[in-house]
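The values are calculated or read from the model by the stated rules, or taken from the named source; none is laboratory data. Just so we're clear, the structure is a prediction, and the values are computed from it rather than from any experiment. Quick reminder, even Gly has a Cβ in these numbers, built from the backbone with ideal geometry, and neighbours come from all protein chains shown. These accessible areas exclude ligands, DNA and RNA; they are computed on the full protein's heavy atoms, side chains included. Shrake-Rupley method; radii C 1.70, N 1.55, O 1.52, S 1.80 Å.
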Amino acid sequence: MRVEPQQLKAFLLDADLVSEEKFEQALKKATKSQKKLGDILISDGLIAQSQLVKLEAYILGIPFVNLEKETVDPEILKIIPEPIARKNNIVAFQKRGRELEVAMLDPDDLRTIEFVQKKADLRILPRLTTPESIKNVLRQYQKTLEAEFGEIIKKDAGDIRAVKEDEDAEETVELEKIAQEMPVIRIVDTLIKHAVLERASDIHIEPLEKEVVVRYRIDGVLHEAMTLPKQTSSGIVARIKVLSNLKLDEHRLPQDGRFKVETEEYKYSIRVSILPVFDGEKIVMRLLSETAKALTLEALGLRDEALERVQDNLKKPVGMILVTGPTGSGKTTTLYSIIEILNVPGVNISTIEDPIEYRIPRVNQTQVKPKIGLTFASGLRALVRQDPNIIMVGEIRDNETAGLAINAALTGHLVLSTLHTTDAAGAVPRLIDMQAEPFLISSTLNIIIAQRLVKKLFKEKEKYYLKEAELKNIGKYCDLEHILKILKEEKLAKPKQSFKEIPFYRPKPSRDCPDGYQGRIGIYEVLTVTGTIKELIVKKADANQIQAQAQKEGMRTMLEDGFVKAAQGITSIEEILRVIIE
């Protein structure tokens, strides 16, 4: 029941969608690369995916359905279990009596059709659809899972026994038993699975006086996920301690650990921090995907001249590259992306981190362990003796680490690190505060990248124009004339347009995206240490003087970069102001 190339050719030529010459070129390419002809036609831009699927459906005599904007009844959706639906790209979307209509990408997959037929005990009517349609319906499983999770937790929470924390061996034995009981296992597994489906980066489990609150950090913002009865607290803590190989009977001191979860759909390393609080022990779990690949600098949000400045400085074999910003601004992700670019067989890369967020092949990563004396400073001393070309120091926190990092950059290494400052220019006074000599900073520092993360607008967004009152408010924080000039340079505004005539975008809440935002992107300012900047550093100039000179030399601030992204419809002005105006 497959579409033969000659059949496809005849219909494409008849519909005047592709020329014969281009079709033959695509056919040769498909044969050589052993890929599907349809995939080559789509990737070469000769035909749209929806057009191809409709054409194949017509040739095979199978009805075509478009489910890209359809909502499926949860009861019908659940007829095909989610793992089967995801693995085989097949979803149930309509039921009439004893007949079930299923949308799929491969109508030749008779085994899956037969399996669904036996499981559902219904007559299966296959329909061809697009990958986008399948993705839209698969997303709807999350909504039904959320409802099911709530039921599981309510049902199982009542079966958990609370444990009084006495300082004896009996408590440890009791906690071990509870940690292995099915209700606790189901609740912890459910919390993690739900967090993964919601794209959460962190899970916060917070004990209060009469309940336990679970919150997920999604796109940098904490959202309350669910509330559990108080008696679940000791069981959940015990279960997570067992998974993380932590001490069950230690309730007075903080503990840190790590464990992994792996299913057919995802693989995560989970970093655990447990802290004693007034009403028990608070747990924060950081979810780190082991299948995620490092993003390119373009995907992170660097663009145009800022991107060129970074790329030019990555070619330098020695010196220092600093990434600055507050906690949670994506500094480590930027450093990992830079390491991916520099990670070639001809160089030796060593890192000292706290903690190691992601494993990178062929990179020697060392975890800081202050309890045994392995600090950033002592680790950096050891790394220099390991014959590295490139050294990454997770964070410059003290005078000793700052001095050693600068010394490593002076002695023929490329040093990458992070610093907690609000902008790029502020990194220089911060290093001087750490007693680094200005002349050494000027001779080693190559570039400073400052960044923040802003939420990206979902594909459905609302266009609007700024009013006088809004412009007056925004004008308090930035130079509107200068930003207008930048927007005109970027061709985002016409030469004679005023700010009131430039379209901007705001979130449009929808069923698929309740708050109108999905995902995050960086806004950046990239300060290249030029000859004039070096002179200012040696003179111990303050951050404002360095910033002013950098802007004269073409540096765009994070605010300006943010406005460009807002005018492009990537994010909103509200988001830019939220993360920058602190």
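For Ile537, the solvent-accessible surface computed with a 1.4 Å probe is close to 0 Å², ligands and nucleic acids excluded. Give me the tail of P(r) for the range 417-478 as a percent: Cα-Cα pairs with distance above 19 Å. Every Cα pair in the range 417-478 considered, those over 19 Å come to 58 percent.
Under a 1.4 angstrom probe, counting protein chains only, how are Met226, Met320 ranked by accessible area, largest first? Show your work: numbers first, answer last.
On the way: Met226 30, Met320 0 Å².
Accessible-area ranking of Met226, Met320, largest first: Met226, Met320.
Count Lys and Arg as plus one, Asp and Glu as minus one, and take only other residues whose Cβ is under 9 Å from that of Lys230; the net charge is then -2. Phe259 exposes around 20 Å² of accessible area when a 1.4 Å probe is run over every protein chain in place.
At q = 0.12, 0.13, 0.19, 0.28 Å⁻¹ the log10 of I(q)/I(0) for the range 302-368 amounts to -0.35, -0.41, -0.88, -1.48, computed by Debye summation with a single uniform scatterer per C-alpha, solvent ignored. Taking the square roots of 5 times each eigenvalue of the Cα gyration tensor of the chain, largest first, gives ellipsoid semi-axes of 44, 37, 25 Å.
Given the Cα-Cα distance of Leu125 and Asp73 and 0.36 nm per residue of separation, how much length would full extension add, in nm?
Numbers: separation 52, 0.36 × 52 = 18.72 nm, distance 1.73 nm.
Once the chain is fully extended between Leu125 and Asp73, it gains 17.0 nm.
Return the ratio Rg/(2.2 N^0.38 Å) for the range 72-139, where Rg is computed over Cα atoms only.
Numbers: Rg = 10.5 Å, N = 68, 2.2 N^0.38 = 10.9 Å.
Here the Cα radius of gyration is 0.96 times the empirical estimate.
The residues of the range 314-441 have, on average, 43 Å² of accessible surface per residue, using a 1.4 Å probe with all protein chains present. Our summary of shape: the Cα atoms of the range 295-579 have principal axis extents of 59, 47, 34 Å, ordered from largest down, in whole angstrom. With the helix formula -39500 (n - 2.57) applied to DSSP H stretches of n ≥ 4, the chain reaches a computed 222 nm mean residue ellipticity of -12500 deg cm²/dmol.
Using the Kirkwood radius over C-alpha pairs as Rh, can you work out the diffusion coefficient of the range 178-326 via Stokes-Einstein at 25 °C, viscosity 0.890 mPa s, in µm² per second?
Result for D is 139 µm²/s.
Give, as a single signed number, the net charge of other residues whose beta carbon lies under 9 Å from the beta carbon of Tyr524, with Lys and Arg counted +1 and Asp and Glu -1. So the surrounding residues net to +1.
If the viscosity is 1.002 mPa s and the temperature 20 °C, what translational diffusion coefficient in µm²/s does Stokes-Einstein give for the range 511-580 when Rh comes from Kirkwood over Cα pairs?
Details: Rh = 14.1 Å.
For the chosen part, D equals 152 µm²/s.
Measuring nothing but protein heavy atoms, the accessible surface of the range 427-506 at 1.4 Å probe radius is 50 percent carbon and sulfur. For Lys371, a cut-off of 23 angstrom between C-alpha atoms picks up these lysines, skipping any fewer than 8 places away in its own chain: Lys241, Lys247, Lys282. Using heavy atoms of the protein chains and a probe of 1.4 Å, the accessible area assigned to Thr333 is about 60 Å². Here is the tail figure for the range 387-459: Cα pairs spaced more than 15 Å apart come to 56 percent of all pairs.
Assuming R0 = 41 Å, can you tell me the calculated FRET efficiency for the pair Asn399 and Glu211, based on Cβ-Cβ distance, to the nearest 0.05? My answer for the efficiency is 0.35. Based on the Cβ-Cβ distance from Lys135 to Lys467, what FRET efficiency comes out when R0 is 45 Å, to the nearest 0.05? Approximately 0.75, to the nearest 0.05.
Taking the Cβ of Ala402 as the center, what net charge do the other residues with Cβ under 11 Å away carry, scoring Lys and Arg +1 and Asp and Glu -1?
Details: positive: Arg397, Arg430; negative: Glu395, Asp398, Glu400, Asp433, Glu437.
Computed value for this residue: -3.
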